[in-house]
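Structure record follows, encoded as structure tokens.
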Ligand SMILES: Nc1nc2c(ncn2[C@@H]2O[C@H](COP(=O)(O)OP(=O)(O)O)[C@@H](O)[C@H]2O)c(=O)[nH]1
Ligand SMILES: [Mg+2]
């Protein structure tokens, strides 16, 4: 079954890094995964090398790059029933969500990522909690604009409450010290965390656009923390002051989980 999953979020939220480790976390969760085309395979391999050999994060996505990565995933589920899905994942620069009109004029040849999001079965919204908390009004504008666009696409001629697809809201980089005790495995605590990070306006705006049953909050980290050292980030600060990933410690947290929830 084909499932388009849209990834969106502001610039620097961690989208490209998230997609780079998805393959590993998918396998770690008992699924099989294979890239459906060469570009998707090269994307994961190139970034694998960067993360796991050089300890570096992928380069920032350029505004004219809107890439589509396609992976086939499968597993044998409960009662021996095989489940298989084709995941079509879109990665775009966060600027598309912050300033869409400007980018549309600047890059008329690029397929607007909004046009893809509206065709998705499920959406993953990645947010850096620190950034959101510091700039709630800016985030309100970009999240609210995207929800409005999605809502109009979901029910263009209806005054009824627009129902946008399932939405997994993932707080990224939760390996950082100030967040390291905030993640809970079942995600029950995340709704409280979300309310605090997002503030009333964004929180209510999300519930205004979506069926509450279709929204879930997750805490995740693409690099994770060292299991042996009481939840310390896999990022280490070198003597030069530069941040580097400690290669022996990369262990993603809740990267595949939101997608698994969207597929169920
Ligand atoms: N601590 C931590 N930092 C991260 C993580 N993922 C990304 N980052 C940082 O956030 C930056 C932006 O990530 P990127 O994936 O390029 O964001 P994008 O613009 O949404 O694609 C990276 O260069 C890293 O410095 C993570 O899991 N943990
Ligand atoms: Mg990116």
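Laboratory data are not the source of any read-out in this text; all were calculated from the coordinates shown. Remember, predicted model here, so these are calculated numbers, not experimental data. A quick note on method: Cβ atoms are made from the backbone with ideal geometry, for glycine too, and the neighbour counts reach across all protein chains shown.
If you take the square roots of the eigenvalues of the alpha-carbon gyration tensor of segment 1-126 and sort them as a ≥ b ≥ c, do you get rounded (a/c under 1.5), prolate (a/b over b/c) or oblate?
oblate
Would you work out if segment 81-151 is rounded, prolate or oblate? Take a ≥ b ≥ c from the square roots of the eigenvalues of the alpha-carbon gyration tensor; rounded if a/c is under 1.5, else prolate when a/b is larger than b/c, oblate otherwise.
Since a/c reaches 1.5 but b/c is at least a/b, the shape of segment 81-151 is classed as oblate.
Among DSSP beta bridges lying fully in the chain, give the percent that are antiparallel, nearest 5.
50 percent
Report the relative contact order of segment 8-140, percent, no decimals, based on alpha-carbon pairs under 8 angstrom and at least 6 residues apart.
31 percent
Given the options 85, 166, 181, which has the most mean-square fluctuation in a GNM of the chain, springs set between C-alpha atoms less than 10 angstrom apart?
181
Output the Cα-based Rg and Dmax of the chain in Å, rounding Rg to one decimal and Dmax to a whole number.
Gyration radius and largest Cα-Cα distance of the chain: 18.0, 59 Å.
Please work out how much length the chain gains when fully extended from residue 144 to residue 68, using 0.36 nm per residue of separation minus the C-alpha to C-alpha distance, in nm with one decimal.
Contour length minus the Cα-Cα distance gives 24.9 nm.
So, how do all the Cα-to-Cα distances of segment 72-227 break down into 5 Å bins, in percent, from 0 on up?
1, 8, 15, 18, 19, 17, 12, 7, 3, 1, 0
Over the chain, what is the relative contact order in whole percent, taking alpha-carbon pairs under 8 Å and six or more residues apart?
Taking the mean separation of contacting Cα pairs over the length of the chain, I get 22 percent.
Would you mind ranking 1, 174, 33, 190 so that the residue whose beta carbon has the fewest other beta carbons within 10 Å leads the list?
1, 33, 190, 174
Before rounding to the nearest 500, sum -39500 (n - 2.57) across all DSSP H runs of length at least 4 in the chain and divide by the residue total; then give [θ] at 222 nm in deg cm²/dmol.
-10500 deg cm²/dmol
For segment 1-154, what proportion of DSSP beta bridges, expressed in % and rounded to the nearest 5, is antiparallel?
60 percent
Among 96, 31, 225, whose mean-square fluctuation peaks in a Gaussian network model of the chain (Cα, cutoff 10 Å)?
Per the Cα network of the chain with a 10 Å cutoff, 31 tops the list.
Compute the relative contact order of segment 85-219 as a whole-number percentage, counting only Cα pairs closer than 8 Å that sit 6 or more residues apart in sequence.
Normalised by residue count, the contact order of segment 85-219 is 28 percent.
For segment 108-125 and segment 35-53, what is the separation of their Cα centres, given in Å?
Taking the Cα centre of segment 35-53 as reference, the centre of segment 108-125 is 22 Å away.
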